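Step one of this worksheet: look at the structure below.
Each reported figure results from applying straightforward, stated rules to the coordinates on display, with no laboratory input. Quick caveat: nothing in here was measured; it's all calculated off a predicted structure. Note that we place each Cβ from the backbone using ideal geometry, even for glycine, and neighbour counts take in every protein chain shown.
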Amino acid sequence: MTRVRCIVFNSALGALDYRLPPGMDAPAGSVVVVPLGPRQILGVVWDEGELPGEEGNDPWPEHKLRAVLEVLPVPALPAPLRRLIAWAADYYLAPLSAVARMALSSSAALKGSGTVTEYRLTGEEPARMTPQRLQALDLLHGEQATMRELAEIAGVSEGVLRGMVGQGLLEPVLVDSDRPYPAPDPHFAEPELAEQQAEAAAEMVAAVEAHRFQPFLLDGVTGSGKTETYFEAVAAALEAGRQVLVLLPEIALTAAFLGRFEARFGTQPVTWHSSLKASERRRAWRQVAFGGAKVVVGARSALFLPFADLGLIVVDEAHEIAFKQDDGVRYNARDVAVMRGHFEAVPVVLASATPALESLQMAEAGRYKRLVLPSRFGGAQLPRIEVVNLTELQPPRGRWLAPPLVEALQDRLGKGEQSLLFLNRRGYAPLTLCRHCGFRFKCPNCSAWLVEHRLSQRLACHHCGHEVPPPPVCPECGEPDCLVACGPGVERIADEVGELLPGARVAVVTSDTLASPAAAAEFVAQAESKAIDVIVGTQLVTKGFHFPELTLVGVVDADMGLDGGDLRAAERTYQQIAQVAGRAGRGAKPGEVLIQTRHPKAAVIAALASGERDAFYAAETEARREAGAPPFGRWAAIIVSSEDEAEARDAARAIGGARPDEPGVLILGPAPAPLSLLRGRYRYRLLIAARRSAEVQKLIRAWLAQLRFPQGVRVAVDIDPYSFV
Ligand SMILES: Nc1ncnc2c1ncn2[C@@H]1O[C@H](COP(=O)(O)OP(=O)(O)OP(=O)(O)O)[C@@H](O)[C@H]1O
Ligand SMILES: [Zn+2]
């Protein structure tokens, strides 16, 4: 009899033993269906050897073993991926099954090959028009998808669509879920590299050809052509017949990337993100697993895809905090990417104009190889940066743009050049109150104010998504038309620009307006064709975009990110402003950047103005070294939450009461979290600050294992936390 151990997809259970019935072959990594009680669940056949938490358990008796029911028709998860899953589960204190689930991210793909029936418009006119049909005809133009997906897109019922099939308005199309993707051609359009680019590319290409693990920090100023440079490494991997994974922090950036990729390699890469249709997911997942998807570009969830033969990983805009996942398995995709490169024995390229302090430190320590592109490509100059001191040059009351910025905007409009105003705040105003009684609109589920959005006419919570239409009277005092907006959001800045520059074409760019890749592509096309004069945007527009006619960048409030006292506040402010400044003057015309601030002498503002990045980073690094903060110390957070306030507090106190006493480990809290109520749950936090050498994971595992909590309590561990709210 053959005994196999399986990770079963139930987070409360570890690995379980099963037997393989005669004739069934299931090597490690096989995806299987196994019985669990009366149910059948998914599992993955795992390697032999002890797993964390199993030490000293006796094996399950032979005669009690139940049989594996089925081996699913997909390739077994390769050994490097299994090692990655085990490592991530151990490092981030997550259940193995929760991490493994991220690798099996398309349930349809596991069913094997097959055909799907999709539908598309025939172009026929209906004999009888109804409002719903009109809506469907309008919204389904150019779409092809399953009935269910089309119903979603069109906002009508499947019944309406079936009626349209009957009328010949929609036709079925049989689609093979395993149809191959066109292969990118490494020689399609080879660029002529500048000397510094060629040197950096050669190093990366050599590591790809040697199939060896090597992390690179591609540290190039904005507009230096980092993309073109790492494309050479992509080409080398393609040449060797291997696959490539490119991670981007945000879906909104994919649109621009796809165009660049196609221009270089003759076809688009395969995309992977959360808004893919089920049929696209199925196809992409299977092609990744069988090796037919050569280059995959995606958000952080692409990191756990089961590549058959990976040759290179690129993490673009690697400093971005969007790579940190803060729910479910709390992992940092940048760090896990480096580990995956290690297990796969392939190079990993972290590209950024403003690397994370941690990454620079790794380069300093010799663990990463730093490749520097010190100047912009094609002779373009870095923009001139000036500080506007808001304590001296105040905007008029109720306005946010100071006179020098207004003049600069007028000047660009006159010359037909583009401007970009950056304010990292969505909506119209961050706080809304009643002018009569002072009532403030608060979210019922979170300790947060509701943010007014005028474009969509709602008051919204940016934490839980709760929204209400602005009420006609104050809910507290009953006064009609009483709402006043306090402070600016991007919509309010856009209004101000509209008043100051009548006739200017203004675009508001946030995650609200660029929610889909299609919307992002539309924006890029408009900006490139000069159909926009002024872009007003959040951090979404700070990076990646390349608009040659953009010559002015205005930072509306450089001080905003600095309050809060977060570990990385200064670093993040530096990165955001340097990135957004980097959007100016990328073409033939020189760029100018105006930074509005109330603290012109603050170290980060001074460093931005003088361009002394290295000095700023050196000072930050020293401060962290002295404080024993990451990357010189290890931090972890424990977040306790419950819908019941007393229950959350008691659980947090119980954890605090059982705190281990270890030399070199400091435990702070429990204290109510800054966001003490989130999505209807009350929250408490503890922070663990330890020496780098401390075994923090082991300590936390042992600490929490001795405690039992009521059903409604959730205890989350956040290793290397980025968020402290
Ligand atoms: N060797 C090259 N040949 C032709 N064009 C190039 C070359 N290198 C870079 N470019 C062009 O220069 C522009 C800037 O390059 P790119 O956008 O890759 O810079 P980047 O380093 O990624 O900047 P950022 O960090 O600001 O996004 C792009 O239009 C790119 O196509
Ligand atoms: Zn809320």
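Listing for the model above:
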read-out: Compactness of region 115-176, expressed as Rg and Dmax over alpha-carbon positions, Å; value: 10.5, 34
read-out: Residue 463/residue 516 FRET efficiency (R0 22 Å; Cβ-Cβ; nearest 0.05); value: 0.50
read-out: Potential extension, residue 695-residue 445 segment - 0.36 nm per residue separation minus Cα distance; value: 86.4 nm
read-out: Debye intensity ratio in log₁₀ form over the Cα atoms of the chain, taken at each q of 0.05, 0.07, 0.09 Å⁻¹; value: -0.28, -0.56, -0.96
read-out: Diffusion constant of region 633-719 at 25 °C, which comes from Stokes-Einstein with the Kirkwood Cα-pair radius and 0.890 mPa s, µm²/s; value: 189 µm²/s
read-out: Leading residue at positive end of dipole, region 115-176 (Cβ point charges), from 129, 175, 144; value: 129
read-out: Centroid-to-centroid separation of region 556-612 and region 248-323 [C-alpha atoms, Å]; value: 31 Å
read-out: Net lengthening on full extension, residue 715/residue 481 (0.36 nm per residue, minus Cα-Cα); value: 79.8 nm
read-out: Estimated [θ] at 222 nm from DSSP helical runs (n ≥ 4, -39500 (n - 2.57)) normalised by residues in the chain, nearest 500; value: -9000 deg cm²/dmol
read-out: Estimated inter-spin distance, residue 165 and residue 473, nm [label 7 Å along Cα→Cβ]; value: 5.2 nm
read-out: At R0 = 35 Å, FRET efficiency that the Cβ-Cβ distance of residue 260 and residue 130 yields, to 0.05; value: 0.20
read-out: Distance histogram for region 116-267 (every C-alpha pair counted, 10 angstrom bins, percent rounded to whole numbers); value: 9, 28, 21, 15, 17, 9, 1
read-out: Once the Cα gyration tensor of region 1-50 is diagonalised, semi-axes √(5λ) in Å; value: 16, 13, 9
read-out: Rounded FRET efficiency, nearest 0.05, which uses the C-beta distance separating residue 173 from residue 567 and R0 of 41 Å; value: 0.20
read-out: Scattering curve values for region 426-570, log₁₀ I(q)/I(0), Debye with Cα scatterers, q = 0.11, 0.17 Å⁻¹; value: -0.51, -1.08
read-out: Segment residue 606-residue 185, length gained on full extension (0.36 nm per residue, minus Cα span); value: 147.0 nm
read-out: Entries of 226/324; 543/589; 226/369; 111/277; 226/589; 369/698 with Cα pairs more than 24 Å apart; value: 369/698
read-out: Sparsely packed trypsin sites (Lys or Arg not before Pro) within region 578-610, loop by DSSP, other Cβ within 10 Å at most 11; value: 601
read-out: Label point at residue 645 placed 7 Å out along Cα→Cβ; residues across region 683-722 whose backbone nitrogen lies under 14 Å; value: 683-684
read-out: Cα→Cβ-extended label distance, 7 Å offset, between residue 662 and residue 117, nm; value: 5.9 nm
read-out: Spin-label pair residue 64/residue 437, simplified geometry with 7 Å Cα→Cβ offset, distance in nm; value: 6.4 nm
read-out: Approximate shape of region 195-378 as ellipsoid semi-axes (Cα gyration tensor, √5λ), whole Å, largest first; value: 23, 18, 17
read-out: Debye log10 I(q)/I(0) at q = 0.15, 0.20 Å⁻¹ for region 569-718, Cα point scatterers; value: -0.87, -1.11
read-out: Alpha-carbon Rg with Dmax, taken over region 1-153, Å; value: 22.1, 74
